[in-house]
Amino acid sequence: MKKAFKRYCKSIELKNDPNLIEEYKQVHAMGSAWPEITSGMKEVGIIDMEIYISGTTLFMIMDTEENFNHEQAMEKLAKLPRQSEWEAFVSKYQKSSSDASAGQKWKLLKRIYKLDEVRLENEQDGYIEEINVVD
């Protein structure tokens with residue numbers, strides 16, 4: 001059986017300060033993100049999220065429910081408890097405004113290649129992915 005989900009990829013730049021970059025990594029270390037933030041992401045339909053770093057560039061892979069609407073979910077997420085506080089807190093590491101929401105800071109990336117791509121999609125609507133589920 002196959003299960004479908006949407007994938008979004010995003011990026012943001014960190015300030016070019018090795019100490020701040022190390023602090024940012026610690027803020028995102030396992031178990032360090034505020035529980036309200038992770039529960040809020042799940043509440044709006046985010047199934048899984050990974051963040052990678054290269055120099056000052058962060059790259060996020062965000063997997064969501066198949067019927068996920070990015071714009072609506074980001075608006076809802078911005079209004080959840082402690083979300084604006086979190087965004088203000090992490091903005092000291094990011095090249096962004098302290099009052100910007102996650103949806104405003106993280107830029108959606110356009111996929112330009114996928115092995116065996118069979119349909120055209122766009123970054124705003126997400127990329128439909130399928131995984132095999134074993135019962």
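The values are calculated or read from the model by the stated rules, or taken from the named source; none is laboratory data. Computed from a predicted structure; not experimentally measured. With ideal geometry, Cβ positions are generated from the backbone for all residues, glycine too; neighbour counts draw on all protein chains shown. When the accessible area is computed, the model is the full protein with side chains, heavy atoms only, and any ligands, DNA or RNA have been set aside. Shrake-Rupley method; radii C 1.70, N 1.55, O 1.52, S 1.80 Å.
Quick one: in the stretch 121-135, which of the residues that are in a loop (DSSP other than H, G, I, E, B) and exposed (fewer than 12 other Cβ atoms within 10 Å of the Cβ) is modelled with the highest pLDDT?
124
Pick from the stretch 59-118 the residues that are in contact (Cβ under 8 Å) with a residue 24 or more places away in the chain and small (Gly, Ala, Ser): which of them is nearest to residue 48 (Cα to Cα)?
Only one residue tops the list, namely 73.
Consider residue 53 carefully, then state whether it is of a type outside the set (S, T, N, Q), open to solvent by less than 90 Å² (accessible area, probe 1.4 Å) and in contact with a Cys (Cβ under 8 Å, 6 or more places away or on another chain).
In short, no.
With the requirement that a residue be open to solvent by 40 Å² or more (accessible area, probe 1.4 Å), closer than 17 Å to residue 44 by Cβ and hydroxyl-bearing (Ser, Thr, Tyr), what does the stretch 68-107 give you?
84
For residue 118, only one of the following conditions fails: (1) at pLDDT below 95; (2) on the phi < 0 side of the Ramachandran plot; (3) more than 16 Å from the chain's Cα centre (by Cα); (4) open to solvent by less than 90 Å² (accessible area, probe 1.4 Å). What is its number?
The single condition residue 118 does not satisfy is (4).
Can you say whether residue 32 is hydroxyl-bearing (Ser, Thr, Tyr), touching a residue at least 24 places away in the same chain (Cβ under 8 Å) and within 21 Å of residue 21 (Cα to Cα), as far as the supplied structure shows?
In short, no.
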